[in-house]
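Colleague: First the structure, which I've put down as structure tokens, then a few questions once you've had a look.
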Amino acid sequence: MGSQSDWATMRHAAELLEVLGIAHEARIVSAHRTPDRLYEFAKGAKSAGFRVIIAGAGGAAHLPGMTAAMTPLPVFGVPVESKALSGQDSLLSIVQMPAGIPVGTLAIGKAGAANAALLAAAVLALSDDALAARLDEWRATQTARVAEQPTDDA
Ligand code: RP5
């Protein structure tokens, strides 16, 4: 993520990865404030053993696109909700990649972070049957939790 301030959003991705038993690392890498750190991380991510990158950033959110430019790994971008423009700036700056360098862009905020983790899990599950089973189970549990009628207590 681009900043400590993104963690409140991005922790929802980390928590789901934890639940699904997927090894992961959470790092602060800013495209603007720590460009050398970004270069080093993105260039070395594949050889370091990473298989999918989730990049969350807000405002002028260059992190996902710049990361994707420097790695062949799949990159999922999470637009963090900004104070000034409610994350619409983040969304547009992540989603509008030029043809040739893709970033899979998720929804703004918590839902995007959670879905980035689920999408990463789905990618990894293609070559990991045990993970595929855990993901199926997680989805079945989610389905079973949905009541048929609404309640006043919720
Ligand atoms: C972006 O700027 C970060 O991803 C963050 O969402 C936003 C604001 O950062 P802070 O000023 O809160 O550190 O680079």
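Read the figures in this text as sums done on the coordinates, not as results from a lab. These numbers come from a predicted model, not from an experiment. In this analysis, Cβ positions are derived from the backbone assuming ideal geometry, glycine residues included, and neighbour counts consider all displayed protein chains.
Colleague: If I ask for residues that are of a type in the set (D, E, K, R) and exposed (fewer than 15 other Cβ atoms within 10 Å of the Cβ), which ones from region 27-69 would you list?
Modeller: Within region 27-69, the subset of a type in the set (D, E, K, R) is 27, 33, 36-37, 40, 43, 46, 51.
Arg27, Arg33, Asp36, Arg37, Glu40, Lys43, Lys46, listed by residue number.
Colleague: Listed residues Ala48, Ala26; which is assigned to a loop (DSSP other than H, G, I, E, B), touching a Phe, Trp or Tyr at 6+ places or on another chain (Cβ under 9 Å) and within 21 Å of Leu135 (Cβ to Cβ)? Spell out the reasoning first.
Modeller: Details: Ala48 fails: within 21 Å of Leu135 (Cβ to Cβ).
One residue alone meets the criteria, Ala26.
Colleague: Here's something else I'd like to know. For Val75, indicate whether it is under 15 Å from the mean Cα position of the chain (by Cα) and more than 10 Å from the ligand (Cβ to nearest atom). Spell out how you get there, then give the answer.
Modeller: On the way: under 15 Å from the mean Cα position of the chain (by Cα): yes; more than 10 Å from the ligand (Cβ to nearest atom): yes.
The answer is yes for Val75.
Colleague: Check region 8-17 and report whether any residue there is under 15 Å from Leu119 (Cβ atoms), buried (at least 21 other Cβ atoms within 10 Å of the Cβ) and within 13 Å of the ligand (Cβ to nearest atom).
Modeller: Scanning region 8-17 turns up at least one residue that is under 15 Å from Leu119 (Cβ atoms), buried (at least 21 other Cβ atoms within 10 Å of the Cβ) and within 13 Å of the ligand (Cβ to nearest atom).
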